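The values are calculated or read from the model by the stated rules, or taken from the named source; none is laboratory data. Quantities reported herein were computed from a predicted structural model and do not represent experimental measurements. No Cβ is skipped: glycine too gets one built from the backbone with ideal geometry, and neighbour counts run over all protein chains shown. Ligands, DNA and RNA are excluded from the accessible area calculation, which covers all protein heavy atoms including side chains. Shrake-Rupley method; radii C 1.70, N 1.55, O 1.52, S 1.80 Å.
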Amino acid sequence: MTDHHSEDIAHRVEGGDVAPGDVIHGEFTAGWRTYVLGLAIAIGLTIASFWVAQTHLIYGPAIDMALATLAVAQMGIHLIFFLHITTGPDNTNNVLALAFGILVVFLVIFGSIWIMIHMNQSMMPPTGMPAPQSGGM
Amino acid sequence: MKLLGKLDWSAIPFDQPIPLAAGALVIVVILGVVALIFAKGWAPYIWNEWICSVDHKRIGVMYCSLAMVMLVRGFIDALMMRTQQSVAFHSGGYLPPEHYDQIFSAHGTIMIFFVAMPFVIGLMNFVVPLQLGVRDVAFPTLNSVALWLTAAGVLLVNMSLVVGEFSRVGWLPYPPLSELTYSPGVGVDYYCWALEISGIGTLAGGINLVTTILKMRAPGLSYTRMPIFCWTALASNLMIIAAFPVLTATLAMLLLDRYLGFHFFTNTMGGNQMMFMNLIWIWGHPEVYILVLPAFGVYSEVVSTFSGKPLFGYRSMIVATMAICIISFLVWLHHFFTMGPGGDVNGVFGIASMIIAVPTGVKIFNWLFTMYGGTVRFRVPMLWSIAFMITFVIGGMTGVMLAIPPADFILHNNLFLVAHFHNVIIPGVLFAAFAGYVYWFPKAFGFKLDEGWGKAAFWFWVIGFYLAFMPLYVMGLEGMPRRMQSYDVPQWQPWAHVATVGALSIMCGIACMVIQLVVSIRNREQLRDDYGDPWDGRTLEWITPSPPPEFNFAVMPNVTGEEAYWGLKEAAREQQRITRPVPEYEDLEMPRNSPTGFVCAFFAVMMGFALIWHIWWLLVLGFIGAYATLVVFAWRDLHERIIPKEEVARIDLENRARRNLALQEGRV
Amino acid sequence: MTATDAHADHDPHHIGHRGAAGYHSMAVGHGEGGPASKRIIVGYGFWIFLLSDFVMFSAFFATYAVLKDRTAGGPGAHQLFNMTDIALETGALLLSSFTCGLMSLEMDRKRLWPTEAWMLVTGLLGFLFVFLEGREFAHLVSIGDGPQRSGFLTAFFTLVGCHGMHVSIGLLWLGTMMAQVYFKGFRQDIQFRVLCFSLFWHALDIIWVAIFTLVYLIGVHG
C-alpha cells in the first residue's frame, strides 16, 4: 500500500497527472501555508461582499455587478487554494472538465433567464399593461 | 395514519381486464423463470456470476438483455396504439381514453429510458474497456450499482401495471396537467420516482465511462488513436454528466409541487409552468444525442469493418462528434417554439438546430466514402447500417423542416412530428443497437447469430418501419394531432390501416429475432467463433478470445498506431503466426464480485414504492437499509482477488494456439 | 500517422497530427503511460461527479432567477432575511472548508488524532451551519412564509434547502469516515474516500458563495 502511495507522490512530483485536490508539492508546511493564504483571501472577499451590499459609497446600479465579480473571484480562490485546480499541463483533464461544466452551467442559467424573459414578455396583455408582479392568476 | 399510506385493494385494477391479464402473465412468467432457476440448481451461479458480477462485460450483457425485454413491452404498447387508431374512426375503439393515455405515456417512457438507454449503455459498457485495452471500467462496483438502479426503475414502471396506474400525461409530464390538481393519482409519481432512481444509475454509469476513457487507456492509445466508438461514448457520457442532473432537478421540482404543495409549475401563487418545458428540454435535447452518438459509433465500426477499410475521415469524425456534443446544448428551445418565446429567440435556436445537422451530414458522407472503393460484405450488421443511412437522412431532413419556426407552428404536436422523431430514433438508435447486437454477440458468447433469420428480421423491420411511419407524415400533413384516442376524419383511416400493417410487419421482425436467438443457441457449435475475430475486425476487442476471459487481456496491449489490432493482424497474416512474443505472465488483481448493487437497488425500489404510496415508515427503512449497505461495502477489507499467473498463462496460451491454427489454415 | 511523427518530434507546439513522440504530456492516463494510478482515477471520477452536481444546482439557480419576482403578494427577498445569521453561516462554512483542508494535510502525514480532531471541528462547524439554516427556515415557516407561500419562496427554500441537504449528507459521510479512519486506519482506499469528501466539502462552499451572493446579498440589496 505504501508502495502505491509513494508511486502517487512520484507522479505528482514528476509532473505526471494529478487528481483534483492533490497538493502538488505535498509538503506539510507548504500545504498549511496554501490553506491559510486561501482562507485569508476568502475572508477578505467575503467581508468585501457584505460591505459592498450595504454601502452607499458605490454607485447603486453597479453594486450587483460588483457582488458578482467578488463572488466569481472567491470561487476562483476556492478552486485554486482549496481544490488545487491549476492550469499546469498535468491538470489538463481536470481543467477541461471544469470548463465543460462551467459552459453548461452558464448555458442553463443564462439561457433559461433569456428565454423566460422573452416568454414573460409575450405573455403580457396586449394593451401593454405591465404583467402583474405577483405572477398570480 | 394508515399503515400502508394510500395503498389499498382499489389500487389493483380488477375492473380492467387488459392490464390485469398482462400483469398476471408477467408475474407468472417471472415466477416460472425463478422456479426453473431453483429447480435446475442454477441459483448460486446466477447470483454469484451475474447478479453480483462487477465484470463490465456481464454488466453490459445484462443491460442489453434488460433493453430487449423492455423492447417487447414497449412494442406491445405501440401495437395497441396502432390498432386502436385503426379502429377508432367514429368509435371509441377498444381502449378507454384513460387506458390509452397510459399506454402512449408508457410507450414513450419505456422506449427512451428503458430500451434505448440501457441498450446503448450496455453496448458501451461491453465494448469500451475492450477497445481501450484495459481490464475493467474505472469503478466496477459502481457499475453494478448503476445497472441495478436502472433495473429498479424498470421494476417500478412495470409494477404500475398491476398496482395503481401509470402516468397519463405523455412521456414528459408537462405541468399543469401533471400537477396534483389535474393528476391526483399515483401515475405521475410512478413515472417520476422510476426516472429519479434510474437517472442516478445513468449518471453513475456516465461518470464511470468518462473516467475510464480519459484515465484508463492502454499504453500508446492516445486520443487520436482511440476507436471512434470510444470517442462517441466519451461524448455521450459527457452529455449524460451534464444533462441528467437537470432532469433530476426538474423532476424533483415537480415532485415537490405534488408532495409538499410548492409552487414551481402551478397555475397560481407565482408558479411558472413554462420553466418546466425549458428545464426538461435542457435535458431532453442532449438526451437525443446521448442516444444517437454511440449509435453513430457502432455504425462507424461496422461500416469500416465490413468495407475492409479504415474509417474515412477519422479526424473529421472526432471533430463532428465533439461539435455535436457541444451544440446539442444550444438547441433545446426548438422543442417549444410555439410556446411564445418570440421571433428572435426562436430564430437563434432555429439556426442552431439547423447547424447541428452539419456535423451529422459530415458523418453520413464519411460512412459513404468509407464504403466507396471498399470490399463491402453485406452481412446483417452492414445491412442495418445501410438501412440507417438511407432512412436517417429522410428523418434528418424532416427534422430540418421542423427546425424552421414558422413551419413548426403548423406541424408541431401532430403526427408529422411523431413520424419525424420515430424516423430519426428508430434507424438512429434501434438499428444501431441491432447492428451492435449482431456484431458483438460472438464476442460476448463465443458464437455468431444465425445469418438467415437475421436477414429475415432485418427485412421485416425495415419494410415495417416504412409502412408504419411514412403514413404518419401524411396524416400529420392532413392535420391529425398526436395522441388521439378516437377521431372522425375519414381521410385518416386508410393511412392508419397502413401503419397498423407496418406495426404487424415489425412484430414479425421481432419474432424473427427471437427465433434467430433460439436457432443460434441450438446451432452454436456450427456458429462457433473459435479464435475471436469472426468479422475480420480492426479494433482491440477482436484480439481477445470469444468470450474474453474475465481479465480481458493477459498483458496490456501496447498501441503503436491507429487501428491497433489491424496492424498486428497484418503482420501475423504475413508470417502465418502471431508475431507478438509470448509475454511474461503476472498475477492479476481483479475486483471481487459484490452484491452491493443489487441490495442497493432493492432498497431503492423499497424507497420508491414507499414514496409513491406515502408509506413513510417504509421510506425510513429503505433509507437505513441503503445506507447500511454502503457502509458494509465500505468496511470490506478485500477488494480484489488474485488470478494466479499460471491461470492467466493457460488461458492466453490456449487462445494463442487457436489463433495460430487459424492463421496457418488461412482463416484469419 | 507515422509519417507525421517525425515532424511532431521537432515541434512541440505542432497542432493536429501528433503521434506518441510529439504528444506534449507523458502523464499517465493521457494514453502514453497506460492507465493512471488509482488515486487519480478516483479523484477524477469524483471531480466529474462534482461538476454534475454544479449543473444540478444551476437548474435550481436558474429557477430561482426566474421565480424571484413572483412573490404572489407575499414578501420579497429584502423583507425576509437576517443578514447577521447569513454572515455567521458563511463564516462557519468557510472555516470548516479551511479545517477540512488541514484535515487532509494531517491525513497525508498519517497522524490519527490530529486528523480526527480536524474532522470533528469540520463537522461541528458544518453542524452549526445546518443549525443556523434550519433555524432560519423554521422561523420563516412559523411566520407563514414557508415554501407554499409563493413561487419566490418555493424557489428560495429549494435552492438553499438543496445546499443544506448536501451539507447534511456531508455530515453523515464525515461521521462515517471518522469511524472508518478510527477503526480501519489510513488504508489507501479510505484515504481516497477522505480525499473525495474534502473535494465535496470545498465544492459545497463554492456553491454557498453563489447562494449568499445571488440570494442574500443581491436579493436584499435589490
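Solvent-accessible surface of chain B, averaged per residue with a 1.4 angstrom probe and all protein chains in place: 36 square angstrom. State, as an integer percentage, the relative contact order of chain B based on alpha-carbon contacts under 8 Å between residues 6 or more apart. Computed over chain B, the figure is 18 percent. Residue C:75 sits among other residues whose Cβ lies under 11 Å from its own Cβ, and their net charge, with Lys and Arg +1 and Asp and Glu -1, is 0.
Listed here are the pairs B:309/B:455; B:309/B:569; B:57/B:215; B:448/C:38; B:363/C:38; which of them are more than 25 Å apart at the Cα? Over 25 Å apart, Cα to Cα: B:448/C:38; B:363/C:38. Charging the Cβ of each Asp and Glu at -1 and of each Lys and Arg at +1, and nothing else, the dipole of region C:38-221 about its Cα centre rounds to 560 debye. Sorting B:205-212, A:95-102, B:103-110 by average packing, meaning the other beta carbons within 10 Å per residue, from highest down gives B:205-212, B:103-110, A:95-102. What separates the Cα centres of region C:148-222 and region B:647-667 is a distance of 54 Å.
Taken across both chains, chains C and A shield about 5000 Å² of accessible surface from a 1.4 Å probe. Restricting region A:26-68 to chymotrypsin sites (Phe, Trp or Tyr not before Pro) that sit in a DSSP loop and have at most 16 other Cβ atoms within 10 Å of their own Cβ leaves A:59. Can you give the longest run of chain B that contains no GluC sites (Glu not before Pro) sitting in a DSSP loop with at most 10 other Cβ atoms inside 10 Å? Longest site-free region, per DSSP loop and neighbour criteria: B:1-524.
Placing unit charges on each Cβ (+1 for Lys and Arg, -1 for Asp and Glu) gives the protein assembly as shown a dipole about its Cα centre, and among B:65, B:233, A:111 the Cα reaching farthest toward its positive end belongs to B:65.
Summarise the partner chain shielding of B:271-284 as one whole number: the mean count of Cβ atoms from other chains within 10 Å of each residue's Cβ.
Per-residue shielding by partner chains comes out at 5.
Within 10 Å of the Cβ of each residue in B:40-53, the mean number of Cβ atoms contributed by other protein chains is 0. Here region B:346-379 and region B:53-85 have alpha carbon centers that stand 28 Å from each other. In chain B, the alpha-carbon atoms span a convex hull of 158 Å³ per residue. How about residue B:2: which lysines have a C-alpha closer than 23 Å to its C-alpha, ignoring those fewer than 8 places off in the same chain? Result set, ordered by chain and number: empty. Per the Debye formula on identical point scatterers at the alpha carbon atoms of region C:38-221, with no solvent, log10 I(q)/I(0) at q = 0.10, 0.15, 0.16, 0.20 Å⁻¹ is -0.44, -0.86, -0.95, -1.30.
Rg/Rh for region B:254-357 (Cα atoms only, Rh after Kirkwood) is 1.17. With Cα atoms defining each centre, region B:175-210 and region B:414-486 are spaced 26 Å apart in the structure.
Under a no-solvent Debye model with one identical scatterer per Cα of the protein assembly as shown, what's log10 I(q)/I(0) at q = 0.04 Å⁻¹? Taken in order of the listed q values, log10 I(q)/I(0) reads -0.20. Buried surface for the B/C pair, taken as the accessible area of each chain alone minus that of the pair with a 1.4 Å probe, is close to 4100 Å² in total.
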